[in-house]
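What follows is one structure encoded as structure tokens, with my remarks underneath.
The values are calculated or read from the model by the stated rules, or taken from the named source; none is laboratory data. Note that the coordinates shown come from a computational prediction; the quantities given were computed from them, not determined experimentally. No Cβ is skipped: glycine too gets one built from the backbone with ideal geometry, and neighbour counts run over all protein chains shown.
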Amino acid sequence: MWTGHNRSVTEHEMFSDTDSVPLNLGHLKVWFTAGMGFFTDAYDLFIIGIVLILLEGNFGTSFRVSAGNPYFGAGLLASSAIIAAVFGQLTFGRLADLLGRKRVYGIEAAILAIGAILSAFATSYTELLIFRFILGFGIGGDYPVSATIMSEYSNKKDRGKLLSLVFANQGIGSVVAVAIGIISVSIFAPEMAWRFMLGFGAIPALAVLYMRRKLPETPRYSALVKGNSEEAKKAMKVTNPNADLKVGGIASLTSLGSFLTNYGKMLVVTAGSWFLLDMAFYGTGLYSGAITGQFISSSTLVGEVVLAGLPFIVGFFGYFTAVGAMDRLGRKRIQIVGFLMMAVIYLTLASVMVTNGSKLTGFTIAPGLALILYSLSFFFIDFGPNTTTFVVPAELYPVKFRTTGHGISAAMGKVGAAITTFTFAGLLVAYGIKPLMIMLAVTSLGGMALSLFLKETKDVSLEEASDEAITEVNSVPAGNASK
């Protein structure tokens, strides 16, 4: 068990073998285990935009999104999983700090797989709404747990890269959603196509379920929270076979009240910037088909799906640009640049739109060029704040409140996402696309302003990034202390 002294552990003492080990297959194993969840998350969240094209259009489906106001019905269905994700992020974020990452890891993947399967067999709008809510609860739980597990297994030099790689699976999931959408409408009747799209989302989650349950508790949680030296050493060997704890230590911060007092201002920054980012990202993402159709229209279902998917394909390259740049340029700089370029693109688009009341009648530039410019906004979203808002909360908060802080930040993001997802369809009809572009530009500038207060976390240990207070203790090999 841990026993002993009340002295602060100096930086890098405990986990130097984990922080300094070069990037290796152990890191990639953790990345794959965590990343496949984000592949699934993105697929399930964005496939509903393609499904709505079928359910709202005149494509021979008997299933309808609502019997009343179609904009209300579509908005509620599109936002149901996102609203549920808020509860999943807060619930699993807190549980993973109280019970440990390992004890809850995999449960959230099972929940989202069940929700995806049930959604494919929904027989009514109400059933689909409920099943998408179940799906969203699992998706929400994946954010804080997967992010924290990756950060606590990472080395110092490549932590930003590895966390970005986990999140980059969202880009892959989005592109696969477009591909599955095209394939589905090409080979299935519309009545079957949307069910296949929704059910497919269960496959990747089920594929990593076993790996998630077998992954050891993270080194930092084992040592600093549980006080279990042997478990910590075992976990460290996932990425470094020769790793050892240099000195024993226990996290000093244990009170939720103290956490909120000491980290409240930073929570405002991470949660607020994620809130503003997701307002833009999900509003434009889930209604991509409705927006791109105003630039260039298609007379075929496949054409509509391709147009709706174009921004995601452009955004795909943004994710992997972030992977390469995260540990070079730093999180803060990338987030500020991303928000700034989003604002510039939205304002530029608004300036070239010709309107008659709320109706878009044309552009002062070629419509194809306007569509490319709009799609480019997805590149800067994914290169910038969409990735950094995920990375930073997994580094800034102390070990006993790391998933809590990440869960709160992510939940606020999904609140922003739910607002625009629920209202975007109606606003698009009532006011037109030009005022929405201006609104998104203002939102992006707000995100940039908040990001100025962000703390840079590149190339430092998690303990230094989070200002973790650790009390040094002596360890006995049996190591299983009380908290």
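Applying the criterion of being without any contact (Cβ under 8 Å) to a residue 40 or more places away in the chain and assigned to a helix (DSSP H, G or I) to the residues of segment 270-306, the residue that is nearest to THR443 (Cα to Cα) is GLY293.
State whether the residues of segment 88-100 include one that is surrounded by fewer than 24 Cβ atoms within 10 Å (Cβ to Cβ), aromatic (Phe, Trp, Tyr) and either out of contact with any helix residue (DSSP H, G or I) (no Cβ under 8 Å at 6 or more places or on another chain) or modelled with pLDDT of 90 or more (or both). No, because not a single residue in segment 88-100 is surrounded by fewer than 24 Cβ atoms within 10 Å (Cβ to Cβ), aromatic (Phe, Trp, Tyr) and either out of contact with any helix residue (DSSP H, G or I) (no Cβ under 8 Å at 6 or more places or on another chain) or modelled with pLDDT of 90 or more (or both). Restricted to helices (runs of 4 or more DSSP H) entirely inside segment 137-245, those with at least 1 residues that are without any contact (Cβ under 8 Å) to a residue 24 or more places away in the chain and closer than 30 Å to ASP17 by Cα are 209-214, 229-236.
From GLY138, GLY115, GLY160, which residue is of a type outside the set (Asp, Glu) and under 14 Å from the mean Cα position of the chain (by Cα)?
Details: GLY115 fails: under 14 Å from the mean Cα position of the chain (by Cα); GLY160 fails: under 14 Å from the mean Cα position of the chain (by Cα).
Matching residue, one of GLY138, GLY115, GLY160: GLY138.
Only one entry of SER252, SER186 meets the criterion of being of a type in the set (S, T, N, Q) and touching a helix residue (DSSP H, G or I) at 6+ places or on another chain (Cβ under 9 Å), and that entry is SER186. Residues that are under 15 Å from LEU245 (Cβ atoms), among the charged types (D, E, K, R) and either buried (at least 22 other Cβ atoms within 10 Å of the Cβ) or modelled with pLDDT under 70 (or both) within segment 448-483 comprise just one, GLU463.
Number of residues in segment 351-398 that are under 20 Å from the mean Cα position of the chain (by Cα), assigned to a helix (DSSP H, G or I) and among the β-branched types (Val, Ile, Thr): the value is 5.
The criterion of being at pLDDT 95 or above and either touching a Cys at 6+ places or on another chain (Cβ under 9 Å) or of a type in the set (Phe, Trp, Tyr) (or both) holds for TYR263. Candidates are the residues of segment 273-287 that are in contact with a Ser or Thr (Cβ under 7 Å, 6 or more places away or on another chain) and among the hydrophobic types (A, V, I, L, M, F, W, C); the one that is nearest to PHE390 (Cα to Cα) is TRP274. With respect to the conditions (1) modelled with pLDDT of 90 or more; (2) hydrophobic (A, V, I, L, M, F, W, C); (3) within 17 Å of LEU163 (Cβ to Cβ), PHE39 falls short on a single one, namely (1).
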